[in-house]
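*Asks:* Pasting a structure here, questions to come.
Each reported figure results from applying straightforward, stated rules to the coordinates on display, with no laboratory input. Keep in mind the model is a prediction, meaning the values are calculated, not measured. Here the Cβ positions follow ideal geometry from the backbone for every residue, glycine too, while neighbour counts run over all protein chains shown.
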Amino acid sequence: MSVQQGSAGGMPVLILKEGASQTKGRDAQKNNIAAAKLISEVVRSSLGPRGMDKMLVDGLGDVTITNDGATILKEIDVQHPAAKMMVEISKATDNEVGDGTSSVVVLAGALIEKAEELITKDVHPTIIVDGYRKSALKSIEIFNHLAQKIDPSNKSELIKVARTSMQTKLVSKDSDELSEVVVNAALQVSEPNESAYMMDIDDVKVEKKTGGSLRDTKLIKGIVLDKEVVHGGMPKRVEKAKIALINSALEIEKTEFDAKININSPDQMKMFLDEENKMLKNMVDKIISSGANVAICQKGIDDVAQHYLAKSNILSVRRVKESDMTKLSRATGARTVNNLEDLSSKDLGSADLVEERKVETDKWVFIEGCKHPKAVTILIRGGSQRVVDEAERSIHDALMVTKDVMEKPSIVAGGGSPESYVAGKLREWSSTLSGREQLAADKFAESLEVIPLALAENAGMDPIDTLTELRSKQTKGSKWSGIDARGGKVVDMSKLDIVEPLSVKEQIIKSATEVASMILRIDDVIASSKSGGGPPGGGMPPGGMGEM
């Protein structure tokens, strides 16, 4: 039935289409708040080193086992619009800083939950939002004041950050070896920039293959291509490689227009084929004359060209992805050539070794031992596909936090200690605010404490006792006191070398405040109906049989 709005004269006015629904005021708010809180609940139990994992099965029956907030929310197909906003902030945090994807959702859920308590006491949502915005700015200011500056090229500091990021994941047992691999890769591809470093995460290629164990994961100073050498007669191993990167096909190009060739005698046929062979041989000669002994081609290589390359002992790989060509160029120092005519010895890159190796059942080409590679590969091994997939997610997060610290070299301790410290300072500051905004600032401080609280709950500690102990230690001036979830105690986190990038904490506060403010300001949800008739030209209405 269509939604009616009463006009001033008491006449019913039809505004919305038939079948549209409208939820107003408190109901709309309650509905959105409940959805946001539910999403936060899903992720909350996976927070921290003692957090649980989620098993996610998609429509095709593929299984993902993870405790990475962004991955969990991406895999569950969320329908509710307010819940979708929570999924978006976790995605944005993942893309921006790579870590804190669970914390941001837990914090946003807490902010919304605490705001609901104020709304039931008749505090207007706009006042809460204003209070939250001011508190967020103040929190970031306190975080900056609290953070410690570090040297972005100091390897041991970077390893602490990478290791902390892996402590909460499935790979925590091997975090020492893996964090070493991650930091070495990051330092290799980063470039100095005024007071910090610049790093492009795409310069670290991550390849994964089941087999062996996580400890067999290694850094290769070069690139691994998941391709094999194109021809059996080519060498499988080339030392002191001179590498040509070619972005054109070593094939006879088809003409753009239709052409016919009339051949009347076998001689003409032979001439025609000889000419084709000659053209292909010329192409291969170009590569030989440049002095290359490895040719890597982005397009196809004709069988005849393969034969000539094999005769000249040139190891060749074909149909390599464009992204890999870019990485190869950065790793070996070669210039990608679009036209074979231009190929000269100046365009070649170098590597100590190019070799085809068997990894599990596949043959891959390893290009390693590059002098000063600006692109490297991390080859992840592990017992099963699930382990390798989760290790890849963990290594991505660790690479991102290392990048964050190199670009903005400030760190804070982990274990919920900075959140707890900031919450205490916010309480002191809130007394300077006037009116009801003070209530919102207090609720913001309470929400920040939900992070250490969740860490404690997931570690099986008593939440109330822990929070009281944490507050008292913080008040006594031990600003790095936090939750040691593995030991089940409140301790000084900086002594345990649990540290996180400041930029991650800033991103969490900004994103969580923005999404909470957005959801709280909604007081009307108008959903248009599913289309009544079928789509033009017959057929089923959207939603298939369920609509019929």
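*Asks:* How big is the convex hull of the Cα atoms of segment 188-238, per residue, in Å³?
*Replies:* Taking the convex hull of the Cα positions in segment 188-238, it is 141 Å³ per residue.
*Asks:* Is there a pair in 208/495; 218/473; 227/374 whose C-alpha atoms are over 31 Å apart, and which pairs would that be?
*Replies:* On the way: 208/495 34 Å; 218/473 42 Å; 227/374 22 Å.
Those over the limit are 208/495; 218/473.
*Asks:* Taking R0 as 45 Å, what FRET efficiency do you get between residue 268 and residue 326 from their Cβ-Cβ distance, rounded to the nearest 0.05?
*Replies:* Taking R0 as 45 Å, the efficiency between residue 268 and residue 326 is 0.50.
*Asks:* Turning to a different aspect of this structure: Any idea what angle helix 437-448 forms with the longest principal axis of the chain, computed on alpha-carbon atoms, 0 to 90 degrees, nearest 10?
*Replies:* 50 degrees
*Asks:* Given a Förster radius of 25 Å and the C-beta distance between residue 18 and residue 84 as r, what FRET efficiency does 1/(1 + (r/R0)^6) yield to the nearest 0.05?
*Replies:* Values: r = 26 Å, r/R0 = 1.04.
Computed FRET efficiency for residue 18 and residue 84 comes out at 0.45.
*Asks:* Let me ask something else. Given 25, 65, 45, which one lies farthest toward the positive end of the charge dipole of segment 22-67, if we put +1 on the Cβ of every Lys and Arg and -1 on the Cβ of every Asp and Glu?
*Replies:* Value: 25.
*Asks:* Averaging over every viewing direction, what projected area does the convex hull of the Cα atoms of segment 142-279 cover, in nm²?
*Replies:* 17.4 nm²
*Asks:* Next up: What are the trypsin sites (Lys or Arg not before Pro) within segment 91-142 that DSSP puts in a loop, where the Cβ has at most 12 other Cβ atoms within 10 Å?
*Replies:* Here the sparse-neighbourhood loop sites are 121.
*Asks:* Let me ask something else. If each of residue 137 and residue 527 carries a label point 7 Å out from its Cα toward its Cβ, how far apart are those two points in nm?
*Replies:* Label at residue 137, label at residue 527, 3.7 nm between them.
*Asks:* While we're on this one: From the phi of every residue in segment 32-38, what ³J(HN,Hα) in whole Hz does the Karplus formula 6.51 cos²θ - 1.76 cosθ + 1.60 yield, where θ is phi - 60° and glycine or proline is x?
*Replies:* 5, 5, 4, 5, 5, 5, 4
*Asks:* On a full-extension model of 0.36 nm per residue, what is the gain between residue 65 and residue 464, subtracting their alpha-carbon distance, rounded to one decimal in nm?
*Replies:* Working: separation 399, 0.36 × 399 = 143.64 nm, distance 3.10 nm.
Full extension of this stretch gives 140.5 nm more.
*Asks:* Could I ask something else about it? If the cut-off is a Cα-Cα distance under 20 Å, which aspartates and glutamates reach residue 311, setting aside same-chain residues fewer than 8 apart in sequence?
*Replies:* Correct list for residue 311: 228, 239, 251, 274, 275, 276, 285, 302, 303, 355, 356.
*Asks:* Give me the number: length gained by fully extending residue 344 to residue 119, i.e. 0.36 nm times residue separation minus the C-alpha to C-alpha distance, one decimal in nm.
*Replies:* Details: separation 225, 0.36 × 225 = 81.00 nm, distance 7.24 nm.
Extra length from residue 344 to residue 119 when fully extended: 73.8 nm.
*Asks:* Need the full-extension length gain, residue 278 to residue 193, defined as separation in residues times 0.36 nm minus the C-alpha distance. One decimal, nm. Don't skip to the end; give the middle numbers.
*Replies:* On the way: separation 85, 0.36 × 85 = 30.60 nm, distance 5.08 nm.
Residue separation times 0.36 nm, minus the Cα-Cα distance, leaves 25.5 nm.
*Asks:* While we're on this one: Show me the trypsin sites (Lys or Arg not before Pro) within segment 242-293 that DSSP assigns to loop and that have at most 11 other Cβ atoms within 10 Å of their Cβ.
*Replies:* On the way: sites: 242, 254, 260, 270, 278, 281, 286; in loops: 254, 260.
When the trypsin sites (Lys or Arg not before Pro) of segment 242-293 are filtered for loop state and at most 11 Cβ neighbours within 10 Å, 254, 260 remain.
*Asks:* Of the listed pairs 30/54; 155/476; 134/160, which have alpha-carbon separations greater than 30 Å here? Present the calculation step by step, with values, prior to reporting the outcome.
*Replies:* On the way: 30/54 27 Å; 155/476 33 Å; 134/160 32 Å.
As for pairs spanning more than 30 Å Cα to Cα, those are 155/476; 134/160.
*Asks:* Using the beta-carbon distance between residue 240 and residue 475 and R0 = 60 Å, what value does 1/(1 + (r/R0)^6) give for FRET efficiency, to the nearest 0.05?
*Replies:* Using R0 = 60 Å, I get an efficiency of 0.40.
*Asks:* Moving to a separate point now. In nm, give the distance between the simple-model label positions of residue 210 and residue 358, each being 7 Å from the Cα along the Cα-to-Cβ direction.
*Replies:* For residue 210 paired with residue 358, the spin-label model returns 1.8 nm.
*Asks:* At 25 °C and 0.890 mPa s, grab the translational diffusion coefficient of segment 222-372 from Stokes-Einstein with a Kirkwood Rh over Cα pairs, rounded to a whole number in µm² per second.
*Replies:* On the way: Rh = 16.1 Å.
Answer, rounded: 152 µm²/s.
*Asks:* If you wrap a convex hull around the alpha carbons of segment 408-523, what volume per residue comes out, as a whole number of Å³? Let's see the in-between values first.
*Replies:* Numbers: hull volume 14.6 nm³, N = 116.
About 125 Å³ per residue, rounded to a whole number.
*Asks:* Need one number: nm distance between label points at residue 303 and residue 486, each 7 Å from Cα along Cα→Cβ, rounded to one decimal.
*Replies:* So the two model labels end up 5.9 nm from each other.
*Asks:* May I ask what percent, to the nearest 5, of DSSP beta bridges between residues of segment 222-372 are antiparallel? Could you put the intermediate results ahead of the total?
*Replies:* Working: 17 of 27 bridges.
Close to 65 percent.
*Asks:* Where the only charges are on Cβ atoms (+1 Lys, Arg; -1 Asp, Glu), what is the dipole of segment 222-372 about its Cα centre, to the nearest 20 debye?
*Replies:* I would put it at about 500 debye.
*Asks:* Shifting gears a bit: Report, to the nearest 10°, how far helix 417-430 tilts away from the longest principal axis of the Cα atoms in the chain, using its own Cα long axis and a range of 0 to 90°.
*Replies:* Computed tilt is about 40 degrees.
*Asks:* Which of 179, 399, 384 sits closest to the plus end of the dipole of the chain, meaning its Cα is farthest towards the positive end, when Lys and Arg get +1 and Asp and Glu get -1 on the C-beta?
*Replies:* 179
*Asks:* Still on this model: Which entries of 209/254; 169/236; 240/281; 114/505; 121/479; 17/443 show an alpha-carbon separation above 30 angstrom in the structure shown?
*Replies:* Result: 209/254; 169/236; 121/479; 17/443 exceed 30 Å.
*Asks:* Give me the angle, in degrees from 0 to 90, between the Cα long axis of helix 101-120 and the longest principal axis of the Cα atoms of the chain, rounded to the nearest 10.
*Replies:* Orientation of helix 101-120: about 20 degrees from the principal axis.
*Asks:* If you don't mind, another one. Using the Kirkwood formula over every pair of different C-alpha atoms, what hydrodynamic radius in Å results for segment 41-107? Please list the in-between numbers first.
*Replies:* Working: mean 1/r = 0.0828 Å⁻¹.
Roughly 12.1 Å, rounded to one decimal.
*Asks:* Considering only the chain, what is the antiparallel percent among its DSSP beta bridges, to the nearest 5?
*Replies:* The antiparallel proportion sits near 70 percent.
*Asks:* HN-Hα J couplings of segment 258-273 from phi, Karplus 6.51/-1.76/1.60, θ = phi - 60°, integer Hz, Gly and Pro as x?
*Replies:* With the stated coefficients, segment 258-273 comes to 6, 9, 10, 10, 8, 10, 10, 9, x, 4, 4, 4, 5, 4, 4, 5 Hz.
*Asks:* With each run of n ≥ 4 DSSP H residues scored as -39500 (n - 2.57), what mean residue ellipticity at 222 nm is computed for the chain after dividing by its residue count and rounding to the nearest 500 deg cm²/dmol?
*Replies:* On the way: 16 runs with 248 residues, N = 548.
When only DSSP H runs of four or more count, the value is -15000 deg cm²/dmol.
*Asks:* Another question, then. Among 336, 131, 501, which residue has its Cα furthest toward the positive end of the charge dipole of the chain, with +1 on Lys/Arg Cβ and -1 on Asp/Glu Cβ?
*Replies:* About the Cα centre, the residue reaching furthest to the positive side is 501.
*Asks:* Please state, as a whole number in µm²/s, the translational diffusion coefficient that the Stokes-Einstein equation yields for the chain at 20 °C and 1.002 mPa s, with Rh defined as the Kirkwood radius across alpha carbon pairs.
*Replies:* 78 µm²/s
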